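Accompanying notes for the structure given below.
The values are calculated or read from the model by the stated rules, or taken from the named source; none is laboratory data. Computed from a predicted structure; not experimentally measured. No Cβ is skipped: glycine too gets one built from the backbone with ideal geometry, and neighbour counts run over all protein chains shown. With ligands, DNA and RNA removed, areas are computed over all heavy atoms of the protein, side chains included. Shrake-Rupley method; radii C 1.70, N 1.55, O 1.52, S 1.80 Å.
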Amino acid sequence: MTTLGIAKKNLQEKGFLDIEPPKSIDYVKEIKKLRKKKNAIILAHYYQEDAIQDIADFVGDSLALAQKAAETNADIIVFAGVHFMAETAKILNPTKKVVLPDLKAGCSLADSCPPADFAAFKKEHPNHLVVSYVNTSAEIKALTDIVCTSSNAEKIINSIPSEQPIIFAPDRNLGAWLIKKTGRDMVLWDGACMVHEAFSIEKILNLYAENPDAEIIAHPESEAHLLKVAKYVGSTSGLLNYVQESKASKFIVATEVGILHKMRQLVPNKILIPAPVDDDNCNCSECFYMKMNTMKKLYLCLKHELPEVNVDAELSRKALVSIERMLELSK
Ligand code: 13P
Ligand code: SF4
């Protein structure tokens, strides 16, 4: 069997094409060549490694990436992000090929909401409208009325009539923050992201005491005690806008460290300090899943158009309804 044949056979188990390209390969040059030849678009999230962000056609937060996926004319969407993002792109483009450099690039938050358990939870709360964060599987989106992201969650909750009870899933921290912001008493699913719950409030406050001129800024997936001391709370694109608009010149940034790449480009003269985590011996502020994608895997996936992300047609049709409602409400 050829190397490609063996790699294809092992794809499901490994999650990526395990082939060794020639040592002398220039990934940037080859990826650019293949992208043009195949009319492919590379969409990357802000948490991807620097080189991937630099070569992408578009880098964005989860809302902007879904919007871009919905409007692209490309034949192939190469999604440099995590599985739920590529799956959302496929649901929006059922006839297009969507590839993800590593199929095992999952999400701890999406994993914290198993569909069977969520279906039972939903039954316990009849008459509730379900708003789910985009960090969920297609199965959860099919059980959802309106999808949201951290960019548009507040707007979406506020668009729902006040007498309508709401279930918010799966992120308990974003949910609690939304309850505070909107004054709505929502039923929350008890899920969380392991990256955003790894920050140490004690170390952040010590750092702030040493840098009183800094502003603490945080993603709403972080815990309530951290959001309480943050000067600004917002999605990845919200955080990027904030550092440009704020008069401050120093920030303690509480979200996945990959965002610092784009932040440094946007505000090269400002000081950006990644928020410290509880465990000094781990890279916990790096999303292990996001970092599964590498330039080598990106090249191989574009070259061989594998691994492909596919969604069952019936499930896709059901999940599309809640995603389209979000896109409509985000215009
Ligand atoms: P954004 O919607 O801010 O891009 O966040 C996505 C995500 O996975 C955060 O952990
Ligand atoms: Fe999921 Fe958290 Fe990684 Fe975002 S940072 S993709 S929520 S595990």
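Before moving on, here are some points about what is shown:
- Segment 196-331, relative contact order in percent, only Cα pairs under 8 angstrom and at least six apart counted: 23 percent
- Pairwise FRET efficiency - residue 50 versus residue 205, Cβ, R0 = 22 Å, nearest 0.05: 0.15
- Accessible area of residue 264 in the full protein assembly, 1.4 Å probe (Å², nearest 10): 130 Å²
- Alpha-carbon gyration tensor eigenvalues x 5, square-rooted, for segment 247-331, Å: 33, 21, 15
- Theoretical FRET efficiency, 1/(1+(r/R0)^6), r = Cβ-Cβ of residue 228 and residue 1, R0 51 Å, to 0.05: 0.30
- Segment 7-148, dipole about Cα centre (Lys/Arg Cβ +1, Asp/Glu Cβ -1), debye to the nearest 20: 700 debye
- Length gained on full extension, residue 18 to residue 327: 107.6 nm, using 0.36 nm per residue less the C-alpha separation.
- Residue-span extension gain [residue 117 to residue 265] - 0.36 nm each, minus C-alpha spacing: 49.0 nm
- Taking each of 37/331; 23/291; 180/270; 68/231; 122/318 in turn, the alpha-carbon distance tops 28 angstrom for 37/331; 180/270; 68/231.
- Alpha carbon centroid spacing (whole Å) that separates segment 235-272 from segment 10-68: 24 Å
- Solvent-accessible area per residue, Å², over segment 185-331 with all protein chains present [probe radius 1.4 Å]: 47 Å²
- Scanning residues 5 or more positions from residue 129 or on other chains, those with amide H under 5 Å from its amide H are 166, 167, with H placed 1.01 Å from N in the peptide plane.
- The orientation-averaged projected area of the convex hull spanned by the Cα atoms of the chain comes to 18.3 nm².
- Computed from backbone phi, the HN-Hα couplings of segment 219-236 come to 7, x, 7, 6, 6, 4, 5, 6, 4, 5, 8, 6, 6, 9, 10, x, 5, 4 Hz, rounded to whole numbers (Karplus: 6.51 cos²θ - 1.76 cosθ + 1.60, θ = phi - 60°; Gly and Pro given as x).
- Note on residue 162 and residue 33: their simple-model spin labels are 6.3 nm apart, each label 7 Å out from Cα toward Cβ.
- A protection proxy built from the mean count of other Cβ atoms within 10 Å ranks the segments 100-113, 196-209, most packed first, as 100-113, 196-209.
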